[in-house]
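So the structure is just underneath, and the comments pick up after that.
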Amino acid sequence: MISRKEPDAMQTKTITTRLTAAALGAVMMLGACTMTSCKKQEAVKEKPTNVYRTEVLFESSFSYNDNNGRTEFRAIEGIGERLILCGYSYDEYWNQTDIFYDINPDTGETSDVTVPPVNAENGEYRNFITFADDGSAWYTVNSGNYNEETGIYTEACTLYHADSSGSILAQADLYELFDKDPGETYLYLNALQPTGDAVYLAMDSGLYTVDAAITEAKAVKLDDMSYINTMIPCDGGVYVSYTTASDYKQRFVRVDAASGSIGAPMEIPSRVTNYLWGAMASDTYDIVYKTPIGLCGYDIASDTETELLNWVNSDLNSSNMSDTYITPSGVVYALINKYENEGQTVQL
């Protein structure tokens, strides 16, 4: 994925709410003045680092006063060089429908991505969705049911695998697959990561692998696990970040996709663990993650953090940045929201 390159050698695109020029920092060295003399020294300018050109690829706006429905975008899903924009639309009755756009990275033109809809009238909602390298979609749909006779509320959570045309390849109720009682346990997905012919599911109750046919589930035992924070794909497996039950500390381990074996816990400093949510895989670094300052690459063995892109120097407002994605060729995409009194604009 992204590797360290000089600004003039790296072609990138990002999202920005504005493309105006910004004043870049300079350090002024003033000459020392005395009672008898005052020598004026020329200003010494520091060259800003990790500055990249920004370009608006796609834009969508809506008004808060629009009662005829509106469309909002919230996330980016990447498949190699392919980019999928995820959002939802409301009709005039505020019924929500998920929408997915395939974005042409050269022209910004969009085409619909077909994903089977959920039945909102039955209380269904899509809890989580991600796309595999082959373009297929993995997602979960949750719904609840209250039995007035027994007074018991039960939750349903179904895992689906659909191909790129929208046809469902496999599905299964996770309560049945994991042998959980829906009246006693609440299954909610924290993260989902496809790996070849299987998929990792991170839930409050633990980490599981499920085969492509969704007929068999295996639990991956994480020692002293209280809560799984996130999963990050890596070569041949996933990195898992979780909180320990005994002392509520962060633990970082590697899980092998083929064998399910767990590597020794790795020490990750807080300056990195604070930004692991949404972190990405990389060919050059162990992980790449977003901070309020920029994009950073991190090498675990040497405990080295390298800034790859600086939001401020590139005139980007990271405070309103909802999501980012880096392609294998090193192009950076981001979603930035621009809030106004009348409505909201999102730019890719």
Would you kindly compute the Cα radius of gyration of region 71-110 and its largest Cα-Cα separation (Dmax), both in Å?
11.7, 37
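Pop out the carbon and sulfur fraction of the accessible area of region 126-242 as a percent, whole number, probe 1.4 Å.
42
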Accessible-area composition of region 74-120, carbon plus sulfur, in percent [1.4 Å probe]
43
Listed here are the pairs Lys180/Lys218; Lys218/Lys249; Lys221/Lys249; which of them are more than 21 Å apart at the Cα?
Lys218/Lys249
The chain, relative contact order [Cα under 8 Å, separation at least 6], %:
19
Which net charge results for the neighbourhood of Ser322, defined as the other residues with beta-carbon distances under 15 angstrom from its beta-carbon, given Lys and Arg at +1 and Asp and Glu at -1?
-1
Under 25 °C and 0.890 mPa s, how fast does region 286-348 diffuse according to Stokes-Einstein, given a Kirkwood radius computed over C-alpha pairs? Answer in µm²/s, whole number.
189
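Can you tell me what the convex hull of the Cα atoms of region 193-293 projects to on average, as an area in nm²?
If I average the Cα hull's projected area over directions, I get 6.8 nm².
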Accessible solvent surface per residue of region 126-247, calculated while the other protein chains remain in place, 1.4 angstrom probe, Å²
46
With springs only between Cα atoms under 10 Å, which of Trp138, Trp277, Trp94 fluctuates most in a Gaussian network model of the chain?
Trp94
If Lys and Arg each add +1 and Asp and Glu each add -1, what is the summed charge of the other residues whose beta carbon sits under 11 Å from the beta carbon of Gly263?
0
Listed candidates (1) 23.5, 76; (2) 41.8, 152; (3) 23.6, 96 - label of the one calculated as Rg and Dmax of the Cα atoms in Å
(3)
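Over region 249-312, with every protein chain in place, what whole percent of the accessible area is carbon and sulfur at 1.4 Å, could you tell me?
Carbon and sulfur atoms account for 51 percent of the accessible area of region 249-312.
The values are calculated or read from the model by the stated rules, or taken from the named source; none is laboratory data. Predicted model only: the values in this text are computed from it and were never measured. Cβ: placed from backbone, ideal geometry, glycine included. Neighbour counts: every protein chain shown. Heads up: the accessible areas ignore ligands, DNA and RNA and are worked out on the full protein's heavy atoms, side chains in. Shrake-Rupley method; radii C 1.70, N 1.55, O 1.52, S 1.80 Å.
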